[in-house]
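*Asks:* Structure in structure tokens, see below.
None of the figures in this text is laboratory data; all of them are computed from the coordinates on show. Here the structure is a predicted model, which is why all the values come from computation and not from measurement. Reconstructed Cβ throughout: ideal geometry from the backbone, glycine too, with neighbour counts over all protein chains shown.
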Amino acid sequence: MSVLIVGSTALDSIKTPTRENPRLLGGSASHAAVAASFFSPTQLIGVVGEDFPKKYLDLYRKHKIDLTGLQILPGKTFHWSGEYEINMNNRRTLATELGVFETFNPTLPKAHQSTGFVLLANIAPALQHHVLDQMRKPKFVVADTMDLWLNIALKDLIRLLKRVDGFVLNDSEAVQLTHEDNLFVALKKIHKLGPKYVIIKKGSHGSILSGPKGIFICPAYPLHTVEDPTGAGDSFVGGMMGYLATAKGSIDANIRRAMVYGSVTASFCCEGFGLNATTKTKRAEIEKRVKELEKMTKF
Ligand code: AMP
């Protein structure tokens, strides 16, 4: 089965304590789609401006990402810039220029409306709703979010949680949403808002799933150097959805392994700026790290 991914398609300018890289291919949907494409056919829904470099369209194509749902409109591509502190975990947004993203109206090509797996990557909850409104009975829908939407679009987000099977957010967002510091209590509170599967991401400390089969602690692949963690969360959820879409059997039977594949895909993302390392990764390298993680966590 294919995965349909909607989210931001951006140009990212990223500063780390040692390097600076302007106008890289970025956005939640770009990271998630490249990650998903290692495992399953992937459809991208997004918008870019006429300034969007052809080499980035070629990168999507190299990953066989279906671009029929990517709009190219007069105007500028969404531009995000951020700067990391010395610990490479704390990040602050320096600028957000919306460009064509400001009036983005995601419209699904007919052929995409019956796709089985849907990832509503980080984007305004109203747009996530709009995409779901166009889908015909998808098998499994997961939504991601960010602190911005908890601050300015909480009502829409809460409404969305009633419509999705899974919800993925990071630890600080879970605390902000539930006013609860204990993540296991926070997971319970988020289930009450709707989703059957809730995943809390904890950056380099992995992630926690709470679902019908209980809790699963998913490790992060141990890296000695992190070049740029931008998009790691999107790569995680994209890889997970791509794996789930082609795995045989039920969601419950596959979701833990799918998270490990997502986690490993995210580790490659962290090893280069933007999508530089992810797009050079081979499926065999992913398999090798999954096996290593399996050994590291077996007891
Ligand atoms: P992550 O590191 O997983 O939080 O994702 C970073 C990505 O989010 C970057 O590639 C940005 O282009 C994208 N991004 C930043 N701000 C926004 C926003 N307001 N809406 C959608 N995507 C955003």
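*Asks:* Of all residues in region 109-129, which are in contact with a helix residue (DSSP H, G or I) (Cβ under 7 Å, 6 or more places away or on another chain) and buried (at least 21 other Cβ atoms within 10 Å of the Cβ)?
*Replies:* Matches in region 109-129: 117, 119, 120, 121, 122, 123, 125, 128.
*Asks:* List every residue pair whose Cβ atoms sit under 9 Å apart, with the two residues 6 or more apart in sequence or on different chains, where the first one lies in region 90-111 and is in contact (Cβ under 8 Å) with a residue 12 or more places away in the chain and within 14 Å of residue 77 (Cβ to Cβ) and the second, anywhere, is exposed (fewer than 13 other Cβ atoms within 10 Å of the Cβ) and of a type in the set (D, E, K, R).
*Replies:* Pairs that qualify, where the first residue is in contact (Cβ under 8 Å) with a residue 12 or more places away in the chain and within 14 Å of residue 77 (Cβ to Cβ) and the partner is exposed (fewer than 13 other Cβ atoms within 10 Å of the Cβ) and of a type in the set (D, E, K, R), are 100/50.
*Asks:* Follow-up. Of all strands (runs of 3 or more DSSP E) completely enclosed by region 116-231, which ones contain at least 3 residues that are touching a strand residue (DSSP E or B) at 6+ places or on another chain (Cβ under 7 Å) and closer than 30 Å to residue 23 by Cα?
*Replies:* By residue number, 117-120, 140-144, 166-170.
*Asks:* Please identify the pairs in which a residue from region 117-134 that is closer than 16 Å to residue 162 by Cα has its Cβ atom under 6 Å from the Cβ atom of a residue that is within 15 Å of the ligand (Cβ to nearest atom) and aromatic (Phe, Trp, Tyr), counting only partners at least 6 apart or on another chain.
*Replies:* 125/149
*Asks:* Moving to a separate point now. Considering every residue within region 117-127, establish whether at least one is over 19 Å from the mean Cα position of the chain (by Cα) and more than 12 Å from the ligand (Cβ to nearest atom).
*Replies:* no
*Asks:* Under the condition of being out of contact with any Pro (no Cβ under 6 Å at 6 or more places or on another chain) and away from the ligand (no atom under 16 Å from the Cβ), which residue from region 66-107 is farthest from residue 21 (Cα to Cα)?
*Replies:* So, considering only residues that are out of contact with any Pro (no Cβ under 6 Å at 6 or more places or on another chain) and away from the ligand (no atom under 16 Å from the Cβ), the one farthest from residue 21 (Cα to Cα) is 107.
*Asks:* With over 15 Å from the mean Cα position of the chain (by Cα), of a type in the set (A, V, I, L, M) and within 13 Å of the ligand (Cβ to nearest atom) as the only criterion, which of 131, 168, 175, 226 stands out?
*Replies:* That would be 226, the only listed residue that is over 15 Å from the mean Cα position of the chain (by Cα), of a type in the set (A, V, I, L, M) and within 13 Å of the ligand (Cβ to nearest atom).
*Asks:* Every residue in region 148-164 that is surrounded by fewer than 15 Cβ atoms within 10 Å (Cβ to Cβ) and among the charged types (D, E, K, R), please.
*Replies:* Result: 155, 162.
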